[in-house]
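Working notes, beginning with the structure itself.
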Amino acid sequence: MTGGRELLLLAAVIALLVRTEQKPTVYMTPNLSQIFTGDLLYLHCNDSQDGSTAIWKFNGNKETQSNPLKIAAASSKDSGIYNCTINGQTSDDFNFKVLEYVPIASLSITTGQPVMRKNAKVLLELTNDDGLQGWQCRVNRGTKTRTVKLKLNNENPTSFIFETKELIVPKTIYWCEKKDTEDRSNQVVLRTTDNEVTLEMYPFPAIAGEKMTLRCLVWGTNEVTKSVFYKENTKIKSVQGDTYDIPAVTESEVGSYKCKATYRYKDQTVDPHVYDSDVQDVPVHVCPVRAVLSDTMGCSCPSCDSQGPIKSYMYYKQNGDSWTMLGQNQHPDGDGTYHCRAVLVNMRTLPSNSVTYNRSISGPVIGILCFIVLLGLLIFAVAFYKWNKKRNERVDIYEQVPMRQGDSNYEAINVRQVKEGEYDTLQPGAEGRQKTGGEYEALTKREGKDEVYHTLGENVASGGGDGGYEALKTAGIQKDEYETLKTKQPERGTGAESGGDGGYEALKTAGIQKDEYETLKTKQPELETVEEIKEEK
């Protein structure tokens, strides 16, 4: 008996030693054929003792204690080698790579929310531009994964809507795959809650640099008057209503969030309710590669060269809130708003920027507008040239004309023989011409009496008006001592017959005393007769 006991003890010790010497293994859930940016992953360190804490190493230097190891939103920085250690035993290396693209197919929620009440259902839609023949979907709950078969109504549809089963666990992950290939869709993560208030996040997970929306929703009513949002139990924002928008989310927004809603139900007369939501993790991942669409509808992907050859470019036209694919390599051929994607093997880029294309003005109308603009510039240039030319001509017309010696129009007055002060203003006139309004007639000698000289030219109204000639009063002046003002030629000839227009012959003033003659003044142009000048014989 003693020997039997020793044998049993020895066997137990050997079994224990064998178990402690057995390496743990690493496996991933959900089990994905390829890993893309934003995927939710769990790495498990498995040994015979479930629930043991493992020490994780990443690329040989990162240490974390947990089991499983959660990667909330995978990105390229998570690519590398992982291993775990339990009870002194280290697993083999587990290596994976995160692709900086999005999967070839798309899975989205059409009815429902990311966070639902327990036992609720949602509708999911699977879309693939190349059709869904041979596709199936997968659902993961904890460590268990099941297959969801798609009952296609026709030969090869590009989209299909199906209903989930009742959501009974805190977290359910859906994605779809094509049989015998690595083609797959993105994940949809559905959560459950028992609370009346839920915190919803769009999109899940959030993309760095893009807009993220948090909503504090209440089951059974949309009359939320106030919402308060918390991060790590610290208040960060209070808003009227239920929505909090972050225009450009960053990795600093990663954390645990909840919200508190103030609300009332329809026809409620009591005070409003105030309740908190469950705590939800908010993961943020880097932005995948994005295509670029030019104004001329040219699609390109400058960042795709290092990731493999591009199979094609796909264009999509906006129809309300959705986008419709145009077809393989089909370019936009009508008015509308478009974006595009670059398609690679088993993956594709994010949609490009949106561009509104207006074919009606992109060709002929633009040409006509350019012609009108050029014609307008030409007309302006011609008008400016003519205006500038006329302006220069006006400058030439109004130049000063200097007085020149011997000019037929402007002759110098010979004043060498005139005594200072004997003659005042010289009035212009022309001898032997018809009188006209405002001109000056020559002075002629006529017989007169009492040494009185009356007005020259036309009669003056009482007292003499402006424009007339006032009488020359000349006491003691001898006959023939004053001759007519006569015009002269440019050659300075004498006599009335040789006078040119506008010239003035010098006054002969021999023997005239200073200040004996007053100014010749103009008379009004309407006076018609000229009185005689009487001189003393």
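The values are calculated or read from the model by the stated rules, or taken from the named source; none is laboratory data. Since we're looking at a predicted model, the values are computed, not measured. Neighbour counts run over all protein chains shown; Cβ positions are idealised from the backbone, glycine included.
If you take the residues of the range 1-47 that are in contact with a Pro (Cβ under 9 Å, 6 or more places away or on another chain) and in a loop (DSSP other than H, G, I, E, B), which of them is modelled with the lowest pLDDT?
Taking the candidates together, the pick is Asp47.
Taking Tyr357 and the conditions (1) out of contact with any Ser or Thr (no Cβ under 6 Å at 6 or more places or on another chain); (2) surrounded by 17 or more Cβ atoms within 10 Å (Cβ to Cβ); (3) under 23 Å from Asn128 (Cβ atoms); (4) not acidic (Asp, Glu), which numbered condition does it fall short on, given that it satisfies the others?
(3)
Give the residue, chosen from Lys266, Lys226, that is at pLDDT 90 or above and over 28 Å from the mean Cα position of the chain (by Cα).
None of the others qualify; the one that does is Lys226.
Scan the range 242-263 for residues that are at pLDDT 90 or above, surrounded by 13 or more Cβ atoms within 10 Å (Cβ to Cβ) and outside any strand (DSSP E or B) and jot them down.
Within the range 242-263, Asp242, Val249, Glu253, Val254 meet the criteria.
Please count how many residues of the range 84-112 are crowded, with 18+ Cβ neighbours inside 10 Å and assigned to a loop (DSSP other than H, G, I, E, B).
4
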